[in-house]
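Supplied in structure tokens, the structure appears directly below.
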Amino acid sequence: MGALAIGGAAGLVGPHATRVAPFAGALAGAVLGAVAIVHLAWAAGAGRGLDGVVPTVDGRPAFRPSRALTVAVALLFAGAGALVFGASRVGGAWACALSGVGAVVLGARAVSDFRLVGLTKRERSSLFARRDDAFYTPLCVGLAICFAIVGAGGAR
């Protein structure tokens, strides 16, 4: 269902997708670049902002990300940002298709794992859950829309 809504958003842009794609790609690329920088800072030992970034179960973190995993996540965000930015400028069938895949992945994250994250999560009282509702899930929806627009109308 999330992928249909996201595809519908790109469909609303329709014939204008080629004109909107550079803006959508630049926005998504900048946001993902900033998110990557924050993750690299955390991997380097910065402690600011760490509260409420990992889901909790019974008051305990659901997992404890290692530095290596945090760096890997940062590289994934940076790579996705570079991909969507590049696809919005240069185009190419493969880059636009990967942007479409990114839209589906981000849309799936926004919908949920039905437990700890997204629109249909069950845990709603933790700091992470409140931040997920206020920031993380809406960010995923917005990024998914940007990726879908780029996938539908990247420079050709």
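The values are calculated or read from the model by the stated rules, or taken from the named source; none is laboratory data. Treat the numbers as computed from the prediction; the structure is a model and nothing was measured. As a convention, Cβ positions derive from the backbone with ideal geometry for all residues, glycine included, and neighbour counts pool all protein chains shown.
Name the residues in the range 59-89 that are under 26 Å from Arg19 (Cβ atoms) and either loosely packed, with under 13 Cβ neighbours inside 10 Å or of a type in the set (Phe, Trp, Tyr) (or both), would you?
Selection gives Gly79, Phe85.
Counting only residues that are charged (D, E, K, R) and in contact (Cβ under 8 Å) with a residue 24 or more places away in the chain, how many does the range 94-114 have?
Of the residues in that region, 1 qualify.
Follow-up question, since we're still on this one. Out of the residues in the range 32-61 that are small (Gly, Ala, Ser) and under 20 Å from the mean Cα position of the chain (by Cα), which is nearest to Asp113 (Cα to Cα)?
Once the filter is applied, the top-ranked residue is Gly52.
Also: Only one of Arg122, Arg115, Arg109, Arg64 is assigned to a helix (DSSP H, G or I) and among the basic types (Lys, Arg). Can you tell me which?
Only one candidate qualifies: Arg109.
Cβ-Cβ distance below 7 Å, separation of 6 or more or different chains: which pairs start in the range 60-72 with a residue that is modelled with pLDDT of 90 or more and end on one that is of a type in the set (S, T, N, Q) and surrounded by 11 or more Cβ atoms within 10 Å (Cβ to Cβ)?
Ala62/Thr56
While we're looking at this one, here's another question. Would the range 119-129 turn up any residue that is of a type outside the set (A, V, I, L, M), under 18 Å from Phe147 (Cα atoms) and surrounded by 13 or more Cβ atoms within 10 Å (Cβ to Cβ)?
Looking through the range 119-129, none of the residues is of a type outside the set (A, V, I, L, M), under 18 Å from Phe147 (Cα atoms) and surrounded by 13 or more Cβ atoms within 10 Å (Cβ to Cβ).
In the range 134-153, is there at least one residue being in a loop (DSSP other than H, G, I, E, B) and surrounded by fewer than 21 Cβ atoms within 10 Å (Cβ to Cβ)?
Checked the range 134-153: no residue is in a loop (DSSP other than H, G, I, E, B) and surrounded by fewer than 21 Cβ atoms within 10 Å (Cβ to Cβ).
Determine whether Thr70 is part of a helix (DSSP H, G or I), within 15 Å of the chain's Cα centre (by Cα) and among the polar types (S, T, N, Q).
no
Residues being exposed (fewer than 13 other Cβ atoms within 10 Å of the Cβ) and touching a residue at least 12 places away in the same chain (Cβ under 8 Å): count how many of those fall in the range 49-58.
2
Something else now. So Gly100 passes all but one of these: (1) over 27 Å from Pro55 (Cβ atoms); (2) over 16 Å from the mean Cα position of the chain (by Cα); (3) assigned to a helix (DSSP H, G or I). Which condition number does it fail?
The single condition Gly100 does not satisfy is (2).
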